[in-house]
Amino acid sequence: MRLTDIRTFIAGNPAPGVGGRYFVFVKLTTDGNVHGVGEAYCVPFHPEVVTRMLTDVFERYLAGEDPHHIERMWRRVYSAGYTQHPDLSLMAVLSALEMACWDIIGKEANQPVYNLLGGRVHERLRSYTYIYARPGDRSDVYQDPDLAAERAAEYLAQGFTALKFDPAGPYSAFDGRQLSLAALDLCERFMRQLRAAVGSDADLLFGTHGQMTAAGAIRLARRLEPYDPLWFEEPVPPDAPEEMARVARATSIPIATGERLATKYDFARVLDAGAAAILQMNLGRVGGILEAKKIAALAEVHHVQLAPHLYCGPVVGAANIQLATCSPNFLILEGIERWQGFHAEVLVKPIRWEAGYVIPPTEPGLGVELNEELIARHPYRGKELHLDMAGKPLA
């Protein structure tokens, strides 16, 4: 079996654009006409550039290779251009291509990927969602704790047992910083009102995006502790796990991090520093499925749990599900609400979600197929990136 062909797809994510402005998918095909799909997460270039990067890396390192040879192809791409320390862009490209190879391997074996990585551990996967805005909202749900509490009650009625929110405000290329007293007050009010709204029926996940210094994060954590959140997410920028470890030592709230990290080497630094109790690798960036499984094993040694990250398309979500299903230290899975809407439409068969849980597929490979006709009807015509940060310092 040899890899012979690559196709790439850019799906413009229609309003409200939850999950990012677009999704970048790849489809690899073998000489036996078996195909596999993958997805790259949040590469900091226009998606048309990302598709060219996918094609270039495929032609240099994967074309003509047996897709079973994951380790060999992985090391060649990881070392491309005499680096052996590649940036997140190349790792996202590698992740998408590796993911597609696993999809092919599973189809050839007539097994879901999780059965090739140790087998099913979990019969169903607990999931959470952000508290999202909706058309016609009377105010900004990200800044209005009263509306957020109402929305939380609606999510609980659907079956969710965990909810995430981020009232700490925007994040900037110049973070970390000290939050203002007004921002600290708003964060505390969110926690207080949401805890009152959900009681002990749901975990609350306090999301931030590296906005704070360690000292600033500790100030906020002390305000949040009385409301017992399940985690405090990425409180400081991802480039200094030693600083995140300072926060972890100063609070009783578990620290979660990892969406902006890649490879076992980044995560080993986090684990060695004692910086996190929960790892949030994104399988469209971390280095792919096998690399994520290696990180899961490292985490298991440290009694650290997994909560795979998802703020992109459903192919990464499908890969997250495969990893979660076969990992003993899986905690909870991020989803975008109930995996409905455009996230369901870009797939031939949507991911199965029931009353707060994802049900792992039994189909071979990743268990998903792209709806290529639907994707063709949703091109991305913008110039903006998947996600952006504020370009100036914030008060």
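The values are calculated or read from the model by the stated rules, or taken from the named source; none is laboratory data. No experiment lies behind these values; they were computed from the predicted model shown. Methodologically, a virtual Cβ is constructed for each residue, glycine included, from the backbone with ideal geometry; neighbour enumeration extends over all protein chains shown.
Of the residues that make up the range 9-25, is at least one in contact with a Ser or Thr (Cβ under 6 Å, 6 or more places away or on another chain), at pLDDT 95 or above, not basic (K, R) and not assigned by TED's automatic domain parsing to the domain that holds Y130? Checked against the condition, which is being in contact with a Ser or Thr (Cβ under 6 Å, 6 or more places away or on another chain), at pLDDT 95 or above, not basic (K, R) and not assigned by TED's automatic domain parsing to the domain that holds Y130, the range 9-25 yields no hits at all.
Being without any contact (Cβ under 8 Å) to a residue 40 or more places away in the chain and farther than 28 Å from G317 by Cα is true for just one of R223, R219, R269. Which residue is that?
R223
Just one of (1) outside the structural domain of Y132 (by TED's automatic domain parsing); (2) touching a strand residue (DSSP E or B) at 6+ places or on another chain (Cβ under 7 Å); (3) surrounded by fewer than 12 Cβ atoms within 10 Å (Cβ to Cβ) fails for G391. It is (2).
If you take the residues of the range 120-136 that are buried (at least 19 other Cβ atoms within 10 Å of the Cβ) and of a type in the set (V, I, T), which of them is farthest from A197 (Cα to Cα)? Only one residue fits best here, namely T129. When you check V301 against the structure, is it surrounded by 20 or more Cβ atoms within 10 Å (Cβ to Cβ) and assigned by TED's automatic domain parsing to the domain that holds A183, yes or no? The answer is no for V301.
Condition test on G313, is it crowded, with 20+ Cβ neighbours inside 10 Å, under 27 Å from A80 (Cβ atoms) and not aliphatic (A, V, I, L, M)? Criteria met by G313. Applying a threshold of 9 Å to beta carbon distances and a minimum spacing of six or more residues, or different chains, the list of pairs starting in the range 122-144 at a residue that is assigned by TED's automatic domain parsing to the domain that holds T362 and touching a residue at least 60 places away in the same chain (Cβ under 8 Å) and ending at one that is loosely packed, with under 15 Cβ neighbours inside 10 Å and small (G, A, S) reads P135/A15.
Residues in the range 196-239 that are under 30 Å from D87 (Cα atoms) and surrounded by fewer than 16 Cβ atoms within 10 Å (Cβ to Cβ): A215, D239.
Any residue in the range 339-357 that is among the aromatic types (F, W, Y) and either in a loop (DSSP other than H, G, I, E, B) or at pLDDT below 95 (or both)? Scanning the range 339-357 turns up at least one residue that is among the aromatic types (F, W, Y) and either in a loop (DSSP other than H, G, I, E, B) or at pLDDT below 95 (or both). Scanning the range 1-42 for residues that are part of a loop (DSSP other than H, G, I, E, B), on the phi < 0 side of the Ramachandran plot and within 17 Å of the chain's Cα centre (by Cα) gives N13, V18, R21, Y41. Residues that are aliphatic (A, V, I, L, M), surrounded by fewer than 17 Cβ atoms within 10 Å (Cβ to Cβ) and either in the same structural domain as L283 (by TED's automatic domain parsing) or part of a helix (DSSP H, G or I) (or both): does the range 43-63 have at least one? Yes: one or more hits. For residues that are assigned to a helix (DSSP H, G or I) and either among the charged types (D, E, K, R) or at pLDDT below 95 (or both), scanning just the range 137-183, find the one that is surrounded by the most Cβ atoms within 10 Å (Cβ to Cβ). Looking at residues that are assigned to a helix (DSSP H, G or I) and either among the charged types (D, E, K, R) or at pLDDT below 95 (or both), I get R151. Inside the range 358-395, residues that are assigned to a helix (DSSP H, G or I) and among the acidic types (D, E) make up a count of 2.
Considering only residues in the range 60-99 that are out of contact with any helix residue (DSSP H, G or I) (no Cβ under 7 Å at 6 or more places or on another chain) and among the acidic types (D, E), the one that is modelled with the lowest pLDDT turns out to be D87.
Residues of the range 102-119 include at least one that is within 23 Å of the chain's Cα centre (by Cα), over 14 Å from G36 (Cβ atoms), surrounded by fewer than 16 Cβ atoms within 10 Å (Cβ to Cβ) and of a type outside the set (A, V, I, L, M, F, W, C).
Scanning the range 369-395 for residues that are among the aliphatic types (A, V, I, L, M) and under 21 Å from R21 (Cα atoms) returns L370, L374, I375, A376, L385, L387, M389, A390. The sole residue among A275, A245, A296 that is modelled with pLDDT of 95 or more, touching a Pro at 6+ places or on another chain (Cβ under 9 Å), buried (at least 16 other Cβ atoms within 10 Å of the Cβ) and part of a helix (DSSP H, G or I) is A296.
Please work out if F342 is under 21 Å from G17 (Cβ atoms), outside the structural domain of V43 (by TED's automatic domain parsing) and either surrounded by fewer than 18 Cβ atoms within 10 Å (Cβ to Cβ) or of a type outside the set (K, R) (or both). In short, yes.
Every condition in (1) within 27 Å of F160 (Cα to Cα); (2) of a type outside the set (D, E, K, R); (3) surrounded by 14 or more Cβ atoms within 10 Å (Cβ to Cβ) holds for G365 except the one numbered (1). Which residue pairs have Cβ atoms under 6 Å apart, sit 6 or more places apart or on different chains, and have a first residue in the range 282-295 that is polar (S, T, N, Q) and a second that is at pLDDT 95 or above? Filtered contacts from the range 282-295: N282/Y41; N282/E259; N282/H309. Against the definition (touching a Ser or Thr at 6+ places or on another chain (Cβ under 8 Å) and either buried (at least 17 other Cβ atoms within 10 Å of the Cβ) or on the phi > 0 side of the Ramachandran plot (or both)), how does L331 come out, yes or no? Spelling it out, it is not the case that L331 is touching a Ser or Thr at 6+ places or on another chain (Cβ under 8 Å) and either buried (at least 17 other Cβ atoms within 10 Å of the Cβ) or on the phi > 0 side of the Ramachandran plot (or both).
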